[in-house]
Structures are given as structure tokens and as C-alpha cells.
Amino acid sequence: MANVHTEHGNGQLPQYPEKATLEGRNKILAFWLFLGGEAVLFGTLFATFLTLRNQTNEGPTAAELFSLPLTAAATFILLVSSLTSVFAIQALHRHKVKELITWLIVTVLLGIGFLALEIYEFYEYMHLENFGMTTSAFSSAFYTLVGFHGAHVAFGVLWIGVLIGQLYKKGLTVVTAPKIYVSAMYWHFIDVVWVFIFTVVYLLGKVG
Amino acid sequence: MAHAHSVKRYKGLMDWLTTVDHKKIAILYLLSGGLFFAIGGFEAILIRLQLIKPMNDMLEAQTFNELITMHGTTMIFLGVMPIVFALMNAIIPLQIGARDVAFPFLNSLGFWTFLFGGILLNLSWVMGGAPDAGWTSYTPLSSTMYSPSHGVDFYTVGLQIAGLGTLIGGLNFLATIITMRAPGMSYMRMPMFTWASFVTSAMILFAFPAITVGLVLLTFDRVLGANFFNVDGGGNPVLWQHIFWIFGHPEVYILILPAFGIISEVIPTFARKRLFGYSSMVFATILIAFLGFMVWAHHMFTTGLGPVANALFSISTMLIAVPTGIKIFNWLFTMWGGQVKFNTANLFAVGFIPTFTMGGVTGVMLASAPADFQFHDTYFVVAHFHYVIVGGMVFGLLSGLHYWWPKMFGRVLNETLGKWTFWTFAIGFHMTFFVQHFLGLMGMQRRVFTYLPNQGFDTMNLVSTVGAFLMGVGIIFFTINIIKSFMQPKGCANDPWEDGRTLEWTIPSPPPEYNFKQIPLVRGLDAYWKEKAAGNTEMTPAEPIGPIHMPSPTIIPFVMSVGIFIAGLGLMFSGEEFSSSFMSFIFNNWIVCGLGLLITFGSMLMRSLFDDHGWHIEPEEFEEEGYKHG
């Protein structure tokens, strides 16, 4: 554990600052493991949704409810945010702090955009279509799966927001770099989950 | 290099609330696990007292249902799992030659969330009734229609919080074992207990998220009126069974694998022989874990999944007998030709083998789907799972506790009392559960609160109850032994068994805060034994003496867990009509729940904003810390 404080050493940031310390490497490894657990979590939610997606209990069906242009726009926004997150990590590896912060801000804004569309979508279903949590087994499964994902996006937005603040205050160090890196892993993960949601929930819902 | 970061060091209670030291967290796990184990044991005694004679009216049916539910839930989630975590925490960093786990902060967080989850669950006894739908909480029995009290809410929310702690713990051990091994300790040189804990942690990581979702769905059904398991709204009750057992079956291997690991440490030590078939042991452990994920529907043979599903799950279940058999024979061959010493730790380990094998044999019988239609929901099943969980798991834990007690506390347990513990517990155990096989085959249903006389059940139930008391006596002997051990001074030898094979026996008992003054160099399997065989008295260090970096103590994990606890209560009572309008206001408007979450996420934010630089122990301080040379 003697290499914890390398950042004090010569003032030079290593090329991969996120992996420069044992703490950083542990964090990244553990985060991969955590995402494995998250995959099981969403897997179970998907299984539940697939079991119940036709149990509409005389309420609205998926085909009646979903509007593909809206969800396609949400998908596009989230996919682009993954790309901007990659740009952020590339800036991190080039030690360009300003560029890093800029791309993180863009990522967060896109995340907020996605959330706004989702809230609008949920609002519309609940108030215009009378499609609430208690309507049917399909509605319960829909709100739980998509809501879990939405909560993950919201957490990610807050998390990356906090990290942007830390970058301003503390700069890019071997302590902040692993945090940025794992938040980017998280962001890509929830993006991948959304791709599955778009396919399994919306596209499959439209074709019946 | 050494930075004098000032760090506040706490004393007394605050020390325990803020500690991030894996050895202290182990003691916390052991204390709270022991407490819940005692509660669960007391519930078991009440259950057996009610069943001591036919048509007994000591307990009401409702109370009995609450007792069986809480006995199962408490023992599995709050009793034996934390004791496993206690041993894992106390021993794994020492066995791999590390100074702590990968994430000391998360270690503390995992403990406190587990504890607050357990407290929440047990609060149900005094807050309007315990859960009463069985530890499996099958729907629709656990729906608001058939369980209108808050009992099942305590179950869902309490287990959710405790489960979070377990998940965090598992993740931490995985990372610890992957990255923190001492130089030279390759995967195939890891002690078997570390291997078993490694595989167990992987199972926790992939099994617990399933129950997380299951509990969320049941909570949503009960609190928000969702329709997952509500047939009226299009829901599907069988879905709960699937989700529960996709978690629940791996869970039983999560329980038993660490016991396998303990037995694999104790038997070679007291046979003075290397573990027979180490690599096949590792392979068998991994195979059991792998197969453990694809057998869940054998709990559901009578649900009506059809002959094809039943046949497949029947075969996959029977397959597990193969790696388990490999283990049994490896233990026997380890003892074969060894100089076997039968002290308490080894008695429990050796006693484990036939007991667990009997549980395994009834397991194969139950795996046969047609036969299971007869066994299902009878005392035969109760006998089976107590043979594997008590005869396997608890024997293993008692073996491990006797074996590692000197390392954890610096005091050896008394052998005479230990032998009394073993014989009363083992005889009591077989008295309690052996007869239950026959009760089940004769048709006695599980979970019934009483039975009619003259069905041939009476004598065997009496024997079973007497046996349960005998097991209780065994645990009392163990408790006396513990108390006696604390009345003697600390400071037994580094290697009190004199035949220690692994790294934990190379350092003082109990170890200093930093475990290893110098991280050791590992030159083979059974690293310490290898050095002994080469004529060395201590390990070759892999690093020069220098300042040791330590993590700072912190109260944040405790506060975070309090927050989750408050949020859980807020969620459970969000729809409650209170007599006081203030209470209704803060609960029905989700203020309590929100406040709890605010505390938790606020603490998380604090943790993120303020870096923990830790502190250093300087070489001059080693002597004061009680490090004895040689």
C-alpha cells in the first residue's frame, strides 16, 4: 500500500490515473462485479416483464399505449450520452480537465433530457390514458422495469453532477480519476439496459 | 513518504460504531449473529414445545405461524449468515496475507445495514405482529388479502435491507480475494476456506439481486397496490415462487459452502496431513456453485410445471451429489493414515461428515420428482433441510468457531466443556431430526400447529422435543465456555494448535491492527506448513519494514444504515391510518421515507466529497501494538 500517495510524489499524473493506485484498481474491479449483480437485477425485472406483458386486465395494451417516435428520441439521446461519456474518458486519459468537464456536463444534460422525456411519457400514460401502477399486471411490470431504469439514470445524473463539482475543486488526481471512470462504466451499463428496454418493452410491445 | 495525516481515534462504544477494522467487524458480526441465533433458537424451542403432545393448546395457530416464519427467516438470514461473515471477516484477510479487506468502509456499511435490517424484521414482534406466511412467503398467502397485518411488510423491508448488507459483503470479499493476495499466493495456493468464501461471494453477487427484485415486487403489491402476484389484476403467483427459489436455492449453497471450507481447514490441521485432492476440492466447489443456479425448480415439483421441467430439474439436482461426494471422500482420505487428534473443533468437523451425508442422501431422494409428490410439505423435508443446515452448516460453524477462537480472541476454549458441547449438541440434533424423517413418511405435514392423537406421531414428537432441549443445552455449554474463556488472560501462542498450516497462524493471537508487520512471501499451498517443513519458524517477508497505511474510522456507514432503516419504516407505514394526525401527516406524505433516504444519500455525498487519506502506523509503534517477535 506504499503507492497510495503517488500523486504527491513528482506532481506528474500517470497516463491511466484511474488505475494508478491499488484503491483505484480495486474500485474498478469491484464495479465490474457490481454491474454483474446489476445485470441479474435487471434480468429478473425483464423476466417479470416478459411474463406479465400481455396481462393487461382490460386496461391499455402496449400497442395502444406506446409512441415509438418519443421512445426513439429518448433512445437516441441516451445513446449519444454514452458517446459523450466516452469522449470524457478520452479527455481524462489525455489529462485535459476542461475538456473532461465539458463532456461530462454534456452527458449530464443529455441524461436530464432523457429523464424529462420519460417523466413526460409517464405523466401522459397516467393522466391521459388511465394507465397507473395498479391498472394491470402489465402496468405494474412496465412501471417497475422502466422506473428502475429511470431511477438509475437519475442517480447517474446526480452522481456525475457531484463528480463535476469535485473536478472543479480537486482537479484530476489519482483519487478523482477512478470515480470518473466507474461513473462512466455505470453510465454505459444503464445505456445498454435501455437498449434492451427499447427492444423488449417498446418494439416488442408495438408488434404485439 | 509517511504523511502524518491526523486522524481521530475513538475509544469505547464509538470505537465499535466507527471501526473499519475487519477483525472488529468480525466480532460485531459474531455478536449480532449470535444474538439472532439465540432468538431463532428460542423460537425453535417454542415450536417444539407446542408440538410435544397432540392437541396441545400452549400456542395459538397464529402465533405458531409467526414463530415458524421468524424461526426460518431469522436463522438463515440473521443467524448463520452473519456468523459465516464473522469467520470470513476474521480469517480471510489473514489467510491471504492482507492487512485488511479491499473496502474497509464497505465492510462496515455491510455490517450495519445487515444489523438494522435484522432489527427492523424483529421489531415486528412488538409492532403489530410478526410475518406469518412462512420463510418462503408464498403469494397469495403473503398478499394483503391473507396477511393483512404489517408482518409481511417487516419481512420484505427487513430482508431487503439485510440483503443489501450481505450483497455489499460478498462484493467486498470477491474484490479482496482477487486483488489483495500476498505475493506468491496464486489462486491454486489459496486455503480452502478462502476458496469456499470466494465462490460463496460470487454466488451472493448473482443470487441476491434476484431476491432484491422479488421483495421489491412483493412490497409494491402490498404497499402500492401493484398486481405482480395478484391474479385479479392479471398477476401470476408462480412468478414469486420462481424468483424466490432462483435466489433461494443458491442461498442454501451460500450457506453450506463456507462450512465445506471450514471442514477442509480443520480436518487437515488435526490429521497433520495435506488436504487430499486439493484441486478436485476447488473444482467441486465451483461445480456445486454452478449447478446450484440451475436446480431451483426442484422446490416446485408439485406446482405443476409439467413432466419435462420436473425431469430436467430432477436430473440437475441429482448431479450435485457428484461434486459433493468428491468432497466427502476427500475429507475421508485426508484423515486416512493421518495422526488424527479429536479435539472439539475436529469432533464437529468429523461429526459433520456422516450428518451432512445423511442430509445429502435425503436430498437425492427429494430430487426424484415422483417421490417428491409424497415427501412434499411433510416433516421429511423438515428433517432433510435441518440435516444439511444444522448437521452441515451449524456443525461447520461450531467447528470453525472452536478452531479460530484463539486467533480471534487470543484465548483457547476449554476442551472439556467443548466436548460436552459436541456430544449434547450432536445427540440432541439426531434425536430432534432423525425421527422427523419417519414422521414425514407417515404423513405428518410441516407447518401444522398441532396434530390429532393416535396416528403414531405422539412418541416421535416427544423425542424430537426432548432432543431440541438437548441441543439447547449444548449451546448453553458453548456459551459458558465462551464466558470462561474471557475470564482468562489474553495471549495464547501464535499457533496454539501447533499444527497450523496457513498464514493466520504466523501472526499473534489476536493479530495487531495491521495484521502483518511485513506482508509474507508465499511459497506453496499451506504456506506456513511449507516453511515449517523447511525448518523455518516464520514466513519470509516480501517487503521491508516500513510505515503501514491504515484507513480512518468513520461513523458514516452507521448513519447511512440508520437512514435506510428510517426510510424502510416510512415506506411500510406510508398507507397507515394513525390516531395522531401529525403521524399520519409525516407518514402518508412520504416525509419519513424521504427523510431516511436524505440521510442515506447525504452521507454518501459526504463520503464522496471528503477524501479519506487514512493514517500511518510507524515502525516504532509496532512494539507498542503488541507485536511479539518469533
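Going through region B:358-407 one residue at a time, which ones are farther than 29 Å from B:Y451 by Cβ and either among the basic types (K, R) or open to solvent by 20 Å² or more (accessible area, probe 1.4 Å) (or both)?
B:K407
For A:T75, only one of the following conditions fails: (1) crowded, with 17+ Cβ neighbours inside 10 Å; (2) in a helix (DSSP H, G or I); (3) at the interface with chain B (Cβ under 10 Å from one of its Cβ atoms); (4) touching a residue at least 12 places away in the same chain (Cβ under 8 Å). What is its number?
Result: A:T75 passes all but (3).
What tally of residues in region B:163-200 results from selecting those that are within 9 Å of chain A (Cβ to nearest Cβ) and either of a type in the set (G, A, S) or out of contact with any helix residue (DSSP H, G or I) (no Cβ under 8 Å at 6 or more places or on another chain) (or both)?
2
Does any residue of region B:599-610 turn out to be within 14 Å of chain A (Cβ to nearest Cβ), under 30 Å from B:P511 (Cα atoms) and outside any loop (DSSP other than H, G, I, E, B)?
yes
Would you confirm whether or not region B:524-546 contains a residue that is among the basic types (K, R) and outside any helix (DSSP H, G or I)?
no
Right, B:S147: small (G, A, S), farther than 23 Å from B:A542 by Cβ and either within 14 Å of another protein chain (Cβ to nearest Cβ) or not in a helix (DSSP H, G or I) (or both) or not?
It is true that B:S147 is small (G, A, S), farther than 23 Å from B:A542 by Cβ and either within 14 Å of another protein chain (Cβ to nearest Cβ) or not in a helix (DSSP H, G or I) (or both).
Among the residues of region B:95-104, is any touching a strand residue (DSSP E or B) at 6+ places or on another chain (Cβ under 7 Å) and more than 29 Å from B:F228 (Cα to Cα)?
Yes: region B:95-104 contains one or more residues that are touching a strand residue (DSSP E or B) at 6+ places or on another chain (Cβ under 7 Å) and more than 29 Å from B:F228 (Cα to Cα).
Pick out the one residue from B:T378, B:T424, B:T416 that is in the same structural domain as B:F260 (by TED's automatic domain parsing) and without any contact (Cβ under 8 Å) to a residue 24 or more places away in the chain.
Numbers: B:T378 fails: without any contact (Cβ under 8 Å) to a residue 24 or more places away in the chain; B:T424 fails: without any contact (Cβ under 8 Å) to a residue 24 or more places away in the chain.
The unique qualifying residue is B:T416.
Working carefully through the options B:R181, B:R189, find the one that is over 20 Å from A:F31 (Cα atoms), out of contact with any Phe, Trp or Tyr (no Cβ under 6 Å at 6 or more places or on another chain) and of a type outside the set (F, W, Y).
Criteria check complete, one pass: B:R189.
Go through region B:544-580 residue by residue and tally those that are open to solvent by 50 Å² or more (accessible area, probe 1.4 Å) and in contact with a strand residue (DSSP E or B) (Cβ under 9 Å, 6 or more places away or on another chain).
Of the residues in region B:544-580, 1 are open to solvent by 50 Å² or more (accessible area, probe 1.4 Å) and in contact with a strand residue (DSSP E or B) (Cβ under 9 Å, 6 or more places away or on another chain).
For region B:330-386, give me each residue that is on the phi > 0 side of the Ramachandran plot and charged (D, E, K, R). Steps first, answer last, please.
Going through region B:330-386, the residues on the phi > 0 side of the Ramachandran plot turn out to be B:337, B:377.
Matches in region B:330-386: B:D377 only.
Looking at B:F283, B:F276, B:F260, B:F342, which one is within 24 Å of the chain's Cα centre (by Cα), in contact (Cβ under 8 Å) with a residue 24 or more places away in the chain and surrounded by fewer than 23 Cβ atoms within 10 Å (Cβ to Cβ)?
Values: B:F276 fails: within 24 Å of the chain's Cα centre (by Cα); B:F260 fails: surrounded by fewer than 23 Cβ atoms within 10 Å (Cβ to Cβ); B:F342 fails: within 24 Å of the chain's Cα centre (by Cα).
When all the criteria are applied, what remains is B:F283.
When A:K170 is evaluated against the numbered criteria (1) open to solvent by less than 10 Å² (accessible area, probe 1.4 Å); (2) more than 14 Å from the chain's Cα centre (by Cα), which criterion, by number, is the only one it fails?
Failing condition for A:K170: (1).
Restricting to helices (runs of 4 or more DSSP H) lying wholly in region B:366-417: which have 3 or more residues that are within 30 Å of B:G306 (Cβ to Cβ)?
Hits in region B:366-417: B:369-375, B:379-388.
Can you tell me which residues in region B:524-565 are closer than 25 Å to B:R181 by Cβ and among the polar types (S, T, N, Q)?
B:N536, B:T537, B:T540, B:S552
Can you find even one residue in region B:235-249 that is within 16 Å of A:F46 (Cα to Cα), of a type in the set (A, V, I, L, M, F, W, C) and within 7 Å of chain A (Cβ to nearest Cβ)?
Checking region B:235-249: at least one residue is within 16 Å of A:F46 (Cα to Cα), of a type in the set (A, V, I, L, M, F, W, C) and within 7 Å of chain A (Cβ to nearest Cβ).
Rundown of residues vs (1) closer than 24 Å to A:S82 by Cβ; (2) among the small types (G, A, S); (3) crowded, with 22+ Cβ neighbours inside 10 Å, yes/no style:
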| residue | (1), (2), (3) |
| --- | --- |
| A:F142 | yes, no, yes |
| A:L158 | yes, no, no |
| A:G165 | yes, yes, no |
| A:I197 | yes, no, yes |
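Only one residue in A:F122, A:F114, A:F138 is of a type in the set (F, W, Y), open to solvent by 30 Å² or more (accessible area, probe 1.4 Å) and modelled with pLDDT of 95 or more, so which one is that?
Selected residue: A:F122, the only one of A:F122, A:F114, A:F138 that is of a type in the set (F, W, Y), open to solvent by 30 Å² or more (accessible area, probe 1.4 Å) and modelled with pLDDT of 95 or more.
With respect to B:L215, determine if the residue is surrounded by fewer than 22 Cβ atoms within 10 Å (Cβ to Cβ) and within 12 Å of another protein chain (Cβ to nearest Cβ).
No: the conditions fail for B:L215.
Pull out all pairs, ordered by first then second residue, where Cβ-Cβ is under 7 Å, the residues are six or more apart or on different chains, the first lies in region A:21-43 and is within 12 Å of B:T179 (Cα to Cα) and facing another protein chain (nearest Cβ under 8 Å), and the second is in a helix (DSSP H, G or I) and charged (D, E, K, R).
A:R25/A:K19
How about region B:483-496: which of its residues are open to solvent by 40 Å² or more (accessible area, probe 1.4 Å), in a helix (DSSP H, G or I) and either within 16 Å of B:W423 (Cβ to Cβ) or touching a residue at least 60 places away in the same chain (Cβ under 8 Å) (or both)?
Selection gives B:K484, B:F486.
Can you tell me which condition A:I180 does not meet? The list is (1) more than 15 Å from A:L45 (Cα to Cα); (2) in a helix (DSSP H, G or I); (3) open to solvent by 20 Å² or more (accessible area, probe 1.4 Å), and all the others hold.
Here A:I180 meets the rest and fails (3).
Taking the condition touching a residue at least 12 places away in the same chain (Cβ under 8 Å), facing another protein chain (nearest Cβ under 8 Å) and open to solvent by less than 10 Å² (accessible area, probe 1.4 Å), does B:F228 pass?
yes
The values are calculated or read from the model by the stated rules, or taken from the named source; none is laboratory data. Keep in mind that what you see is a predicted model, and the values were worked out from it rather than measured. Every residue, glycine among them, receives a Cβ derived from its backbone with ideal geometry; neighbour counts consider all protein chains shown. Heavy atoms of the whole protein, side chains included, go into the accessibility calculation; ligands, DNA and RNA do not. Shrake-Rupley method; radii C 1.70, N 1.55, O 1.52, S 1.80 Å.
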